[in-house]
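Below: one structure, written as structure tokens.
Please treat every number below as a calculation from the coordinates, not as lab data. The structure presented is a predicted model; accordingly, all values stated were derived computationally and were not measured. Because the Cβ atoms are built from the backbone with ideal geometry, glycine has one as well, and the counts that use them run over all protein chains shown.
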Amino acid sequence: MSQHESNAHSSPGCGAHACNCAGESEAELLEVPLTDGPIDPEIEAATRREFLCIVAGCAAALTVGGCSEITHTNFFQKRFRELGPEERASVIAGLEKEYSERFGKAVTVSTQPAREDVQFGYALDISRCIGCRRCVYACVKENNQSRDPQVHWIRVLEMDKEAGIDFEHANAYYDAETVPRPGHFYLPTACQQCDNPSCVKSCPVGATWKEPDGIVVIDYDWCIGCRCCMSACPYGARHFNWTDPSLPSEEMNPETHYLGNRPRMKGVVEKCTFCVQRTRQGRYPACVEVCPVGARKFGNLSDPNSEIRYILEHKRVFVLKNELNTRPRFFYFYGL
Amino acid sequence: MRTLSALVLTLAGSLAAACGSHTQAPRWSSIDSGAAPASTQDIEVPPPPFSEGVFPCTDCHDPELPFNPKPRKLQMAHQDIVLQHDAEHRWCLDCHSATERDKLHLASGELVDFTESYKLCGQCHGDKYRDWRAGVHGRRSGMWDGHKSYLLCVNCHNAHSPAFKPLQPKPPPPRPHGGDQ
């Protein structure tokens, strides 16, 4: 696994390297311009991020990831969850206008909330997955990930059949004429939408939380890019925008959700949201619909007739790193 | 929901490390799994994946081309078809109707349209058929809480040589800078 995502074995909590910069930040703290009058919104946004970064003790991220120009956020914007209906409407209208201009097409930003009777769950049949990575790229396309540098929310790990599930020796970079490669099996990973999410607990500013339907979301406008959540996540499921994401207009998916696939900016963390923009409308996630072997299953855990309940009741099911008590909503099963 | 997650937890319990171990059958089952799938009338499927020009079969299989029940190497047509599906025990007319070539037939003799070929497969692969109906084997698309369409078994398995064919993988992710993997 990659260097900055190899924290898969570190225990949850925010004591890991990325956030251990309190020592250096003291001096810088004094430099932060603390204004209280209205100034240019661009400067304000950057300032808020910078300020919070340092308060959170994560100056390292600042110097590398940095603070991008964010035109719509302003210093006084409350976090998304706290916005009243009118404020929310105006924030959304602003975003839609900005994105539509930037991408030259009508972009919508939904704020559709969770449905009361719905608890999302996901299950992946590892006896079927052949490691073809169709899901990886369907996800990139649907969710407007950066094309350059590439950001992938789904990572397919190739493992040895003999060795069984072993993250230490998993290979995400396999390539071959055809898959499956003999002697191997494949274990795709992405955000496990934990019911006991260490990422949420590690966020110093409350920019990431669990929605009532079980999806863990990020408010990109509130994220300060400290990457505490990334080191807290035992699944390597969170990804950081080290540079401005590049997203060609013609490839941009204009149907977006505020908490999901709307365009991100440099310096924020992102991850799978179970395709919140699709699934809250009742549709299947993009990866489910593209999988050529039909290994990916999704549905409402509260509905006894859903395929996801059928799997939990009839198949051998397991979760990754159960011992960490993260309580994933993402199950793996043997469909055989 | 609380009960559900508790149960899910129990179910998933201790499996993370030992993927080979068996779970006990959950006791909270509320679905009667044994129940045969409900009516199949409402199953929406794509058009059968015929090669171009081959359907309707009766374009050629008319009264002037009488059926031939003898297992043999075909010489005049369908040379591309290789039976690798329990081939020692099987011949074309176990599945294809001899007299109504545009249809398949079940063991009972009941005729089945190609749009319902899953009924034929289901006769010998009952477990897969049940899972397919439940949306667990194979693939559905559409709405998780509403209208869905199913892929036919033959969208993924060639009826004559049904082993799933290997695919070319999409490119791997770029390696991180400085990474040694």
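Things to note:
- Residues within segment A:138-189 that are hydrophobic (A, V, I, L, M, F, W, C), assigned to a strand (DSSP E or B) and more than 7 Å from chain B (Cβ to nearest Cβ), tallied: 5
- Residue pairs whose Cβ atoms lie under 6 Å apart, sitting 6 or more positions apart in sequence or on different chains, and linking a residue in segment A:309-334 that is more than 7 Å from chain B (Cβ to nearest Cβ) to a partner that is among the small types (Gly, Ala, Ser) and part of a loop (DSSP other than H, G, I, E, B), are A:ARG329/A:GLY214; A:TYR334/A:SER127.
- Residue list for segment A:173-231, filter: within 14 Å of A:ARG79 (Cα to Cα), small (Gly, Ala, Ser) and surrounded by fewer than 22 Cβ atoms within 10 Å (Cβ to Cβ): A:GLY206
- Test: residue in segment B:113-124 that is touching a strand residue (DSSP E or B) at 6+ places or on another chain (Cβ under 7 Å) and without any contact (Cβ under 8 Å) to a residue 24 or more places away in the chain: no
- In segment A:288-308, the qualifying residues are those that are assigned to a helix (DSSP H, G or I) and more than 7 Å from chain B (Cβ to nearest Cβ), and the one that is surrounded by the fewest Cβ atoms within 10 Å (Cβ to Cβ) is A:VAL290.
- Selection status of A:GLU251, within 7 Å of another protein chain (Cβ to nearest Cβ) and more than 19 Å from the chain's Cα centre (by Cα): no
- Residues that are part of a loop (DSSP other than H, G, I, E, B) and either more than 29 Å from B:GLN168 (Cα to Cα) or of a type in the set (S, T, N, Q) (or both), drawn from segment A:316-336: A:LYS321, A:ASN325, A:THR326, A:ARG327, A:PRO328, A:ARG329
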